[in-house]
1. How many residues are among the small types (G, A, S), without any contact (Cβ under 8 Å) to a residue 12 or more places away in the chain and in a loop (DSSP other than H, G, I, E, B) if we restrict to the range 16-56?
2. Can you pull out every residue in the range 31-54 that is over 14 Å from the mean Cα position of the chain (by Cα), over 16 Å from W16 (Cβ atoms) and open to solvent by 80 Å² or more (accessible area, probe 1.4 Å)?
3. Across the range 57-77, what is the number of residues that are of a type outside the set (F, W, Y) and part of a loop (DSSP other than H, G, I, E, B)?
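The values are calculated or read from the model by the stated rules, or taken from the named source; none is laboratory data. Computed from a prediction, not measured in an experiment: that's the story for all the values here. Virtual Cβ from ideal backbone geometry, glycine too; neighbours counted across all protein chains shown. What goes into the accessible areas is simple: the full protein's heavy atoms, side chains included, and nothing from ligands, DNA or RNA. Shrake-Rupley method; radii C 1.70, N 1.55, O 1.52, S 1.80 Å.
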Amino acid sequence: MSAAAGAATPGEDRFWPAIQHLGLCLLRLPTQTFWALTPGEILAMAGACRPQRAGLQRGDLMALMAAFPDGPVRGPE
């Protein structure tokens, strides 16, 4: 079979167990609904497309470093 006929390329199917668990167990989708969705739609339903929080800013990192300085590194005793 060719990729155009729907055959999976090597390694492409490694995520299916996780996607099936997500859709059928965690989201509790009916089987018919699950198989009608694309993997991207299932991930979107799980929250993969929601806005992400901003990362730690440099000023925040510097404040943390000042509040919690690293102690001297000790070797094995």
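1. Here is the first cut: in the range 16-56, the residues among the small types (G, A, S) are 18, 23, 36, 40, 44, 46-48, 54-55.
In the following step, the residues that additionally are without any contact (Cβ under 8 Å) to a residue 12 or more places away in the chain were identified as 18, 36, 40, 44, 47-48, 54-55.
Now narrow it down to the ones that are in a loop (DSSP other than H, G, I, E, B): 47-48, 54-55.
Number satisfying all stated conditions: 4.
2. Scanning the range 31-54 gives Q32, R53, A54.
3. Step one: list which residues in the range 57-77 are of a type outside the set (F, W, Y), which gives 57-67, 69-77.
If we keep only those that are part of a loop (DSSP other than H, G, I, E, B) as well, we get 57, 69-77.
Qualifying residue count for the region: 10.
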